[in-house]
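One structure below.
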Amino acid sequence: MLIGTAGFAAAEVAMSGSASMGYKNAETALANDQEGSINHSITLSVSMSGESDAGLSFGASFDILANGSLTDSDGDTLSGVLTNDGPGSVFISGAFGKLAMGDVGDADAQGGISDVGYDGIGIDDLAESLDGAGSSTVRYTYSAGAISASVSTALSAANASQAAFGVKYTGEGFYVGVGYADNNPTAGATTPGEGQTTSVYVGGTFSGVTVDAMWSSRNSETNVAADDREVYGLSASYTMDAITLTAAFSNTDHPTTKSSSGVGVSYDLGGGASVAAGFGSVNGESRSDIGVNFKF
Amino acid sequence: MLIGTAGFAAAEVAMSGSASMGYKNAETALANDQEGSINHSITLSVSMSGESDAGLSFGASFDILANGSLTDSDGDTLSGVLTNDGPGSVFISGAFGKLAMGDVGDADAQGGISDVGYDGIGIDDLAESLDGAGSSTVRYTYSAGAISASVSTALSAANASQAAFGVKYTGEGFYVGVGYADNNPTAGATTPGEGQTTSVYVGGTFSGVTVDAMWSSRNSETNVAADDREVYGLSASYTMDAITLTAAFSNTDHPTTKSSSGVGVSYDLGGGASVAAGFGSVNGESRSDIGVNFKF
Amino acid sequence: MLIGTAGFAAAEVAMSGSASMGYKNAETALANDQEGSINHSITLSVSMSGESDAGLSFGASFDILANGSLTDSDGDTLSGVLTNDGPGSVFISGAFGKLAMGDVGDADAQGGISDVGYDGIGIDDLAESLDGAGSSTVRYTYSAGAISASVSTALSAANASQAAFGVKYTGEGFYVGVGYADNNPTAGATTPGEGQTTSVYVGGTFSGVTVDAMWSSRNSETNVAADDREVYGLSASYTMDAITLTAAFSNTDHPTTKSSSGVGVSYDLGGGASVAAGFGSVNGESRSDIGVNFKF
């Protein structure tokens with residue numbers, strides 16, 4: 001048996017875990033969720049790290065999800081399989097910056113807003129639906145003082161051109177970020193990521209209230225109504241002792257999509273455990289969840 | 001490289017392993033087994049545990065199987081994939097009892113009988129074919145002294161009603177358990193779990209012989225012959241130094257299913273290794289296996 | 001969190017990792033590779049080991065690949081899944097030799113040649129295309145002094161007969177190996193492994209140059225042109241301080257398959273990291289790669 005504690009030095013392969021269980025409800029079922037039912041999740045996070053003789057840091061990380069299910073290219077479902085939450089990423093960093101490949105995230109997504117509930121009921125999804133849609137596989141980040149700038153793309157002969165850029169300024173108790181992405185998934189296609197997306201992020205903690213806000217606008221070259229739109233969102237959290245209250249809101253100028261709003265509460269049980277609940281409305285549908293989260 | 005020993009304190013993420021290899025034979029191939037062939041299995045068991053400030057215990061566990069194969073919803077097979085042995089489970093426990101979600105087991109299955117062989121040739125399958133058929137996803141257990149009582153169900157909008165209940169009394173060197181389950185998988189369906197199932201379990205160690213016995217009876221509301229039946233089984237093991245001899249027997253009142261019986265021997269090599277063999281008859285078919293089991 | 005270092009004793013479950021990232025290019029896409037694109041890979045290797053009271057060593061090992069993709073029996077692709085690199089293997093060893101089951105490798109493959117590049121561009125594939133084609137599931141190895149002999153087969157009722165044998169002599173700074181395999185996958189079939197394959201391997205380090213060479217000849221009983229052929233290959237590496245230069249070559253007497261040749265360079269960054277590049281020609285197609293490799 002292999003057992004670890006948090007106090008080791010010279011880490012080379014590290015593992016941490018998280019788990020949750022609870023009850024989720026929605027008027028209609030969501031993809032990948034058993035809505036109106038008991039849910040649980042278990043994630044084992046694997047992190048590898050090292051350092052070269054010249055002081056370059058390098059590493060790799062990925063997640064093992066205990067209870068995933070998958071759908072293949074033919075639409076058939078498969079359960080009983082261990083899944084990842086993206087194919088992991090590998091990096092090397094030094095004075096030149098940080099170069100990462102794999103599941104690196106698009107560089108234009110420099111922020112986001114909070115969701116509510118133990119597992120999240122999706123209040124943030126609308127506000128975060130336009131940025132970070134490019135599936136980048138390589139990303140370079142350079143940080144100097146309070147400023148961090150990133151550029152990402154997906155270098156693949158099978159893909160059409162795409163590129164994303166973002167910069168973030170982190171001050172004392174606040175941050176401001178901007179992002180820009182230009183995605184052309186395949187010629188003529190109108191997948192959600194198509195077009196030029198500009199995003200602005202701002203957040204910070206003021207008088208004990210943590211606020212996150214974002215705005216994104218996408219200009220579709222094919223001028224498809226579903227893509228050519230603005231989205232924006234705001235979340236605020238206030239913590240009193242072990243209790244944290246959160247409210248979140250997302251909206252769009254899209255003519256047939258309704259706004260999302262919700263409130264949540266979380267209670268810290270200590271030792272890595274918390275109990276949380278959230279309820280709200282997503283595109284006119286009522287949703288709620290209640291459950292516990294554990295960190296190991 | 002990450003290496004662990006058994007002596008650490010303050011465990012948070014723990015890993016243990018098991019593996020087996022051997023030769024299995026049967027007159028006809030069994031699903032998920034390469035009968036009449038070399039077999040091996042490797043399992044890495046992941047266990048996470050923690051404690052809240054108020055002394056609540058919580059945790060999660062799942063298995064990683066190295067050599068699984070799967071069949072998707074369309075009947076296509078898939079190999080080369082890491083599988084789980086069920087989607088794992090998450091729990092929190094305290095003075096109020098223990099609440100678990102995920103792959104929790106049905107509360108009516110409070111015991112069972114032993115199989116024979118290094119990997120098992122299925123002598124116990126018939127006796128254990130009626131109880132624990134509900135696929136519960138949430139389970140509550142309360143223990144007081146020698147008595148442990150559990151109730152389980154599958155709270156899911158997609159499922160029809162189901163519930164299971166069980167209680168077990170563990171005395172000095174013996175136990176008695178009873179279980180009851182009422183499953184209605186979907187309206188009109190006659191899957192194996194349908195109907196009301198009552199089970200009784202008894203076992204203990206008497207004069208060096210460990211005996212386990214069980215009896216289950218299912219009353220199918222649709223009165224399907226395959227479901228409306230009784231099953232029962234008995235196993236006995238005797239250990240002399242490093243050698244353990246086991247005999248097992250299962251039977252039913254089902255008109256076209258034959259009884260199962262078999263004998264096995266196991267030799268403890270120490271250090272977590274054992275060599276074992278078993279042979280017997282399952283529904284009129286001869287089966288045998290021989291191989292080694294390792295624990296890490 | 002579980003963190004490990006390299007200095008523990010009494011290992012029972014051990015984990016090590018490797019990762020790579022880089023750019024690969026080829027004139028045509030290869031199966032299972034995103035040619036002409038960014039690639040990354042992450043592997044977590046799980047190794048379990050123990051010892052019986054009588055001093056027998058036993059263990060099991062398998063790999064977890066973070067970014068695999070699979071194709072099912074119906075040709076549908078599946079991503080987001082954790083895969084293995086073969087189903088792992090289990091072994092027990094002592095004075096009698098070593099018995100292993102699972103993904104054990106065919107006994108006739110006693111050597112091989114080096115590839116070039118950070119991930120390999122396939123210069124060695126042609127030379128290694130005939131030996132080790134039997135998918136053995138059980139293997140016995142006996143070593144005495146400088147000589148190691150192995151025999152392997154796939155004991156499965158579903159398979160037709162197959163057997164492989166190999167012996168290797170390892171002297172001071174050199175080795176010589178021979179292998180023989182006789183595979184009959186299924187009656188009348190002409191899969192690549194069909195027929196009798198004889199292989200010879202030789203290698204060693206001479207004046208600072210490490211050389212590996214191999215030759216294989218297959219006699220197909222069905223005399224299919226694609227199978228009835230010879231292949232051979234040679235690789236040489238020279239290391240100066242942190243730099244290693246490698247050249248590799250493969251060829252065949254098959255009338256329509258062209259030879260492969262390539263050169264590569266690797267620079268050891270220390271701490272488990274290296275940067276490497278390779279380019280060459282495989283069956284008339286130009287290929288190259290450049291990237292980094294990490295070991296944890």
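Applying the condition of being of a type in the set (A, V, I, L, M, F, W, C) and assigned to a loop (DSSP other than H, G, I, E, B) to segment A:178-235 and asking which residue is modelled with the lowest pLDDT yields A:Ala189. Every test in (1) under 29 Å from A:Ile92 (Cα atoms); (2) outside any strand (DSSP E or B) is passed by C:Leu269 save one, and that test is (2). Might you check whether a residue that is more than 16 Å from C:Gly22 (Cβ to Cβ) and within 14 Å of chain A (Cβ to nearest Cβ) occurs anywhere in segment C:215-229? No, every residue in segment C:215-229 fails to be more than 16 Å from C:Gly22 (Cβ to Cβ) and within 14 Å of chain A (Cβ to nearest Cβ). Where strands (runs of 3 or more DSSP E) sit wholly within segment C:32-146, those with at least 3 residues that are open to solvent by 20 Å² or more (accessible area, probe 1.4 Å) and more than 7 Å from every other protein chain (Cβ to nearest Cβ) occupy C:37-51, C:57-71, C:89-94, C:138-144.
Summed over segment C:203-238, residues that are among the β-branched types (Val, Ile, Thr) and touching a Gly at 6+ places or on another chain (Cβ under 7 Å) total 2. Out of the residues in segment A:53-97 meeting the condition of being modelled with pLDDT under 95 and among the hydroxyl-bearing types (Ser, Thr, Tyr), tell me which one is nearest to the chain's Cα centre (by Cα). Selected residue: A:Thr83.
Matching residues to (1) loosely packed, with under 15 Cβ neighbours inside 10 Å; (2) without any contact (Cβ under 8 Å) to a residue 40 or more places away in the chain; (3) out of contact with any Ser or Thr (no Cβ under 6 Å at 6 or more places or on another chain); (4) of a type in the set (Asp, Glu):
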{"site": "A:Met214", "(1), (2), (3), (4)": "no, no, yes, no"}
{"site": "A:Arg218", "(1), (2), (3), (4)": "no, no, no, no"}
{"site": "A:Thr244", "(1), (2), (3), (4)": "no, yes, no, no"}
{"site": "A:Gly262", "(1), (2), (3), (4)": "no, no, yes, no"}
{"site": "A:Gly272", "(1), (2), (3), (4)": "no, yes, yes, no"}
{"site": "A:Val275", "(1), (2), (3), (4)": "no, no, yes, no"}
{"site": "A:Gly278", "(1), (2), (3), (4)": "no, no, yes, no"}
{"site": "A:Val282", "(1), (2), (3), (4)": "no, no, no, no"}
{"site": "A:Ile290", "(1), (2), (3), (4)": "no, no, yes, no"}
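Scanning segment B:81-123 for residues that are under 25 Å from B:Thr170 (Cβ atoms) and of a type in the set (D, E, K, R) turns up B:Lys98, B:Asp103, B:Asp106, B:Asp108, B:Asp115. The residue that is farthest from B:Ile42 (Cα to Cα), among those in segment C:1-19 that are more than 7 Å from chain A (Cβ to nearest Cβ) and at pLDDT 70 or above, is C:Ser18. Count of segment A:251-286 residues, restricted to those that are within 13 Å of chain B (Cβ to nearest Cβ) and either more than 23 Å from A:Ser18 (Cα to Cα) or touching a strand residue (DSSP E or B) at 6+ places or on another chain (Cβ under 8 Å) (or both), is 8.
The values are calculated or read from the model by the stated rules, or taken from the named source; none is laboratory data. Fair warning: this is a prediction, and the values are worked out from it, not measured in the lab. When we count neighbours, we look across all protein chains shown, and the Cβ atoms used for this are built from the backbone with ideal geometry, even at glycine. Just so you know, the surface numbers come from the protein's heavy atoms only, side chains and all, with ligands and any DNA or RNA stripped out. Shrake-Rupley method; radii C 1.70, N 1.55, O 1.52, S 1.80 Å.
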